[in-house]
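J.: Take this structure first; my questions come after.
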Amino acid sequence: MDPDIKIGIIQLTSNDNLQDNCNQMDYYFNQCLKDGANFILSPEVSNFISTNTELKKKSIKFEKEDPIINKVKNSCSKFKVWSLIGSVILKIKKFGQEKFVNRSILVNPNGRIIARYDKIHMFDVIIDSKETYRESKKFMPGRNTVLAKTPFANIGLTICYDIRFPYLFSKLKESGADIICIPSAFTTKTGKDHWETLVKARAIENKIYILAPAQCGQNTSTRKTWGHSLIINPNGKILCDLGNNPGYRVLRLKND
């Protein structure tokens with residue numbers, strides 16, 4: 001892993017307005033640039049969070065049309081940096097029908113997408129009588145693990161609920177990953193109970209850096225996320241915790 005890499009990790013409170021989310025992302029992206037970041041990461045569902053199915057159908061774009069993807073591609077090309085858009089909800093065409101995917105996008109300093117990862121494990125969970133999630137009803141799950149080889153590190157891609165499936169992380173490590181990313185939007189309940197413990201566990205058992213940008217705060221009237229974006233070293237030490245408000249942090253990783 002290149003010791004000169006400076007990580008910029010962004011924590012957002014995305015909502016159901018694509019342009020608002022793009023503006024929020026752009027602001028923190030530029031703050032990271034000012035602090036010298038050359039690899040900038042955002043959370044899961046950076047572009048859109050809503051429980052309104054009709055609004056989702058109306059708002060979500062295909063990959064070429066998504067405003068955050070296009071903005072990040074332009075910024076990466078202009079400032080010669082790398083970026084992982086933690087994930088965006090996108091439309092795809094499958095068997096002649098429109099479906100949704102939850103996709104991580106890795107962009108290089110030429111503004112080109114060099115890796116895509118579609119979330120494999122769907123969040124189908126009953127938190128309590130008022131909070132239930134059925135991602136498998138709305139999204140097409142991914143099928144393939146993705147290891148992106150870059151000049152500064154081999155990067156394993158995962159998203160949120162994948163964190164509960166250790167085999168995925170061990171497979172990425174065995175494939176040569178130096179870093180594994182876990183962009184997330186944990187609920188406040190599961191975040192409080194499990195988030196830090198699980199992120200540390202994946203780092204320690206694989207002896208690897210974990211970069212875990214997260215959503216925080218009140219995303220919709222009925223959806224609240226835990227925050228606490230983390231950077232963890234291979235010994236399980238917390239190098240960064242962004243708390244529960246939107247923000248960013250830039251730091252340099254060291255080879256341990």
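Listed here are the residues, each with its yes/no results for (1) modelled with pLDDT of 95 or more; (2) aromatic (Phe, Trp, Tyr).
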{"position": "Lys73", "(1), (2)": "yes, no"}
{"position": "Cys76", "(1), (2)": "yes, no"}
{"position": "Gly96", "(1), (2)": "no, no"}
{"position": "Val101", "(1), (2)": "yes, no"}
{"position": "Gly111", "(1), (2)": "yes, no"}
{"position": "Phe123", "(1), (2)": "no, yes"}
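J.: Sticking with this one: Looking at (1) among the hydrophobic types (A, V, I, L, M, F, W, C); (2) over 20 Å from Gly86 (Cα atoms); (3) in contact with a strand residue (DSSP E or B) (Cβ under 8 Å, 6 or more places away or on another chain); (4) at pLDDT 95 or above, can you tell me which one Ala201 breaks?
T.: With respect to (1) among the hydrophobic types (A, V, I, L, M, F, W, C); (2) over 20 Å from Gly86 (Cα atoms); (3) in contact with a strand residue (DSSP E or B) (Cβ under 8 Å, 6 or more places away or on another chain); (4) at pLDDT 95 or above, Ala201 is out only on (3).
J.: Looking at (1) within 22 Å of Asn235 (Cβ to Cβ); (2) over 19 Å from the mean Cα position of the chain (by Cα), which is the one condition that is false for Asp193?
T.: Asp193 satisfies every listed condition except (1).
J.: Would you mind listing the helices (runs of 4 or more DSSP H) fully within the stretch 1-103 where at least 3 residues are buried (at least 17 other Cβ atoms within 10 Å of the Cβ) and within 19 Å of the chain's Cα centre (by Cα)?
T.: 18-34, 67-79
J.: What are the residue pairs meeting all of these: first residue in the stretch 33-51, first residue farther than 25 Å from Leu18 by Cβ, second residue among the charged types (D, E, K, R), Cβ atoms under 6 Å, and 6 or more apart or on different chains?
T.: If the second residue must be among the charged types (D, E, K, R), the pairs left are Gly36/Lys6; Asn38/Lys6.
J.: Now, a different point. Which of the residues that make up the stretch 154-186 are surrounded by fewer than 23 Cβ atoms within 10 Å (Cβ to Cβ), of a type in the set (S, T, N, Q) and touching a helix residue (DSSP H, G or I) at 6+ places or on another chain (Cβ under 7 Å)?
T.: Once the filter is applied, which keeps residues that are surrounded by fewer than 23 Cβ atoms within 10 Å (Cβ to Cβ), of a type in the set (S, T, N, Q) and touching a helix residue (DSSP H, G or I) at 6+ places or on another chain (Cβ under 7 Å), the stretch 154-186 yields only Ser170.
J.: Output the number of the condition that Lys189 fails; it satisfies all remaining conditions of (1) modelled with pLDDT under 95; (2) surrounded by 19 or more Cβ atoms within 10 Å (Cβ to Cβ).
T.: That leaves (2) as the condition not met.
J.: Shifting gears a bit: Show the residue pairs that are 6+ apart or on different chains and have beta-carbon atoms under 7 Å apart, the first residue being within the stretch 76-95 and closer than 25 Å to Ser184 by Cα, the second being basic (Lys, Arg).
T.: These pairs meet every condition: Ser87/Arg103; Ser87/Lys119; Val88/Arg103; Leu90/Lys61; Leu90/Arg103; Lys91/Lys61; Ile92/Lys99.
J.: Also: Give just the number: which of (1) modelled with pLDDT under 95; (2) touching a helix residue (DSSP H, G or I) at 6+ places or on another chain (Cβ under 9 Å) does Arg143 not satisfy?
T.: (2)
J.: Does Ser136 satisfy being at pLDDT below 95 and not in a loop (DSSP other than H, G, I, E, B)?
T.: Values: at pLDDT below 95: yes; not in a loop (DSSP other than H, G, I, E, B): yes.
When the stated conditions are applied, Ser136 passes them.
J.: Still on this structure, I have one more. Considering Val101, Val88, Val45, Val107, which residue is of a type in the set (A, V, I, L, M) and touching a Cys at 6+ places or on another chain (Cβ under 8 Å)?
T.: On inspection, the qualifying residue turns out to be Val107.
J.: Oh, and also: Consider the stretch 198-255. How many of its residues are in a strand (DSSP E or B), surrounded by fewer than 18 Cβ atoms within 10 Å (Cβ to Cβ) and either of a type in the set (D, E, K, R) or without any contact (Cβ under 8 Å) to a residue 60 or more places away in the chain (or both)?
T.: 3
J.: Any chance you could count how many residues in the stretch 192-207 are closer than 26 Å to Tyr28 by Cα and of a type in the set (Val, Ile, Thr)?
T.: 1
J.: Now for a different question. Which residue is nearest to Lys34 (Cα to Cα), if the candidates are limited to the stretch 209-237 and must be of a type in the set (Val, Ile, Thr) and out of contact with any strand residue (DSSP E or B) (no Cβ under 6 Å at 6 or more places or on another chain)?
T.: Of the stretch 209-237, the ones of a type in the set (Val, Ile, Thr) are 210, 220, 222, 225, 231-232.
In the following step, the residues that additionally are out of contact with any strand residue (DSSP E or B) (no Cβ under 6 Å at 6 or more places or on another chain) were identified as 220, 222.
Details: Thr220: 30, Thr222: 35 Å.
Selected residue: Thr220.
The values are calculated or read from the model by the stated rules, or taken from the named source; none is laboratory data. Just so it is clear, the structure is predicted and the values come from calculations on it, not from any experiment. Using ideal geometry, Cβ is built from the backbone for each residue, glycine included, and neighbour counts are taken over all protein chains shown.
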